[in-house]
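Notes for the one structure printed next.
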Amino acid sequence: QVQLVESGGGLVQPGGSLRLSCVASRSMFRINVMGWYRQAPGKQRELVATITNGGTTDYADSVKGRFTISRDNAKTTVYLQMNSLEPEDTGVYYCHMSMGVYDYRYWGQGTQVTVSS
């Protein structure tokens, strides 16, 4: 079974930066899409950014120009570089990967990102 392990969350001041990492314990299946979601208290989970197997990226309007999603050469790790962080970025960030011909979906446990003075 695939397990996604996230790291990089924490407390940062407004305007600061964080880089989230998500490592897949196994890569037996082709990764179709990698992505990051986030959920703030009292709000629905929302899609932040995605990157396809071919390297195409997509971002939520709220993070365009500030966040960058990327992957390693082995395609087992996905990153989210977050710059110019705002308090509105606060929430639990979840890594997500879809894999294989049946589009199996895997989720990380979530990592807390808090942007506050």
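What to note about this one:
- Criterion violated by Arg45 - all others in (1) open to solvent by less than 70 Å² (accessible area, probe 1.4 Å); (2) in contact (Cβ under 8 Å) with a residue 24 or more places away in the chain; (3) not polar (S, T, N, Q) satisfied: (1)
- Among the residues making up the stretch 93-106, those that are in a strand (DSSP E or B), more than 10 Å from the chain's Cα centre (by Cα) and either closer than 18 Å to Pro14 by Cβ or not charged (D, E, K, R) (or both) are Ser98, Met99, Tyr104, Tyr106.
- Single residue of Ile69, Ile51, Ile31 found to be over 13 Å from the mean Cα position of the chain (by Cα) and surrounded by 15 or more Cβ atoms within 10 Å (Cβ to Cβ): Ile31
- Tyr94 being under 21 Å from Gln1 (Cα atoms), among the hydroxyl-bearing types (Ser, Thr, Tyr) and crowded, with 20+ Cβ neighbours inside 10 Å: yes
- Some residue of the stretch 79-88 being of a type outside the set (A, V, I, L, M), surrounded by 14 or more Cβ atoms within 10 Å (Cβ to Cβ), under 24 Å from Val115 (Cα atoms) and in contact with a Leu (Cβ under 6 Å, 6 or more places away or on another chain): no
- Residue check for Asp58: open to solvent by 40 Å² or more (accessible area, probe 1.4 Å) and either in contact with a helix residue (DSSP H, G or I) (Cβ under 6 Å, 6 or more places away or on another chain) or not β-branched (Val, Ile, Thr) (or both): yes
- Complete set of residues in the stretch 55-90 that are in a loop (DSSP other than H, G, I, E, B) and within 23 Å of Ala40 (Cα to Cα): Ala60, Asp61, Ser62, Val63, Lys64, Gly65, Arg66, Asn83, Ser84, Leu85, Glu86, Thr90
The values are calculated or read from the model by the stated rules, or taken from the named source; none is laboratory data. Since we're looking at a predicted model, the values are computed, not measured. For neighbour counting, all protein chains shown are included, and Cβ atoms are generated from backbone atoms with ideal geometry for every residue, glycine included. All accessible areas refer to the heavy atoms of the entire protein, side chains included, with ligands and DNA or RNA removed. Shrake-Rupley method; radii C 1.70, N 1.55, O 1.52, S 1.80 Å.
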